[in-house]
Amino acid sequence: MKATVYQHVYVSGDKTMTLVILADENGSVIDRHNVTYEAYPLIDVAWSNFEHVTRIVHRCLGADIVDYHCNVLGHYHLTKRGSGYGRKLVQNRLTGKQSTKISWSNATEEEQEEESA
């Protein structure tokens, strides 16, 4: 089974919040879960929640492959290994390293010339 996890970590007032959405291989939502933390750094909350959620996915779903998307940690590809998961970073949101470069600004004249050629 393949599962997809979407984790969103954010600040709300004086609290740090997480929203986790679990989806199956067809994209159907299995469950949603909100957690409220004290005001900790987002990265600490994201890692703590990542570890907790992967244990739950392993125990309850037994998924062989997990695509884990997090707005703080990035995109991880997890593969089942014994009592846990091996993980491979696909895209890191903090450093911007990704396989496809996305530019949100207008193209320069040189880039426009390259596209039209």
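The values are calculated or read from the model by the stated rules, or taken from the named source; none is laboratory data. None of the values given here were measured: they were computed from a predicted structure. With ideal geometry, Cβ positions are generated from the backbone for all residues, glycine too; neighbour counts draw on all protein chains shown. Side chains are part of the model used for accessible areas, which takes the heavy atoms of the whole protein and leaves out ligands, DNA and RNA. Shrake-Rupley method; radii C 1.70, N 1.55, O 1.52, S 1.80 Å.
Couplings for region 23-37, taken from phi via the Karplus curve 6.51 cos²θ - 1.76 cosθ + 1.60 with θ = phi - 60°, read 10, 8, 5, 8, x, 6, 6, 8, 6, 10, 8, 10, 9, 10, 10 Hz in order; Gly and Pro are left as x.
Output the relative contact order of region 1-77, whole-number percent, from Cα pairs under 8 angstrom with separation of 6+ residues. Numbers along the way, then the final one.
Values: 138 pairs, mean separation 28.2, N = 77.
Relative contact order, region 1-77: 37 percent.
With R₀ set to 41 Å, the beta-carbon distance separating residue 79 from residue 14 gives a calculated FRET efficiency near 0.60. Between residue 29 and residue 61, the modelled labels are 1.4 nm apart [label points 7 Å from Cα along Cα→Cβ].
Given Cβ point charges of +1 (Lys, Arg) and -1 (Asp, Glu) and nothing else, what value in debye, to the nearest 20, does the dipole of region 2-92 about its Cα centre take?
Numbers: 9 positive and 9 negative charges, 59 e Å.
The dipole magnitude comes to about 280 debye.
The label point for residue 1 and the one for residue 89, both projected 7 Å from the Cα toward the Cβ, are 3.0 nm apart. Shown for region 33-75 is the translational diffusion coefficient from the Stokes-Einstein equation, using the Kirkwood radius over Cα pairs, a temperature of 25 °C and a viscosity of 0.890 mPa s: 215 µm²/s.
Ranked by the mean number of other Cβ atoms within 10 Å per residue, highest first, peptides 10-20, 82-92 order as 10-20, 82-92.
What accessible area per residue comes out for region 1-49, rounded to a whole number of Å², with a 1.4 Å probe? Kindly include the intermediate steps, with their values, before the conclusion.
On the way: 2920 Å² over 49 residues.
Spelled out: the 1.4 Å probe surface of region 1-49, per residue, equals 60 Å².
Can you check what the net charge comes to around residue 51, using other residues whose Cβ is under 12 Å from the Cβ of residue 51 (Lys, Arg +1; Asp, Glu -1)? Walk me through the numbers before you get to the answer.
Numbers: positive: 55, 87; negative: 44.
Here the charged neighbours net out to +1.
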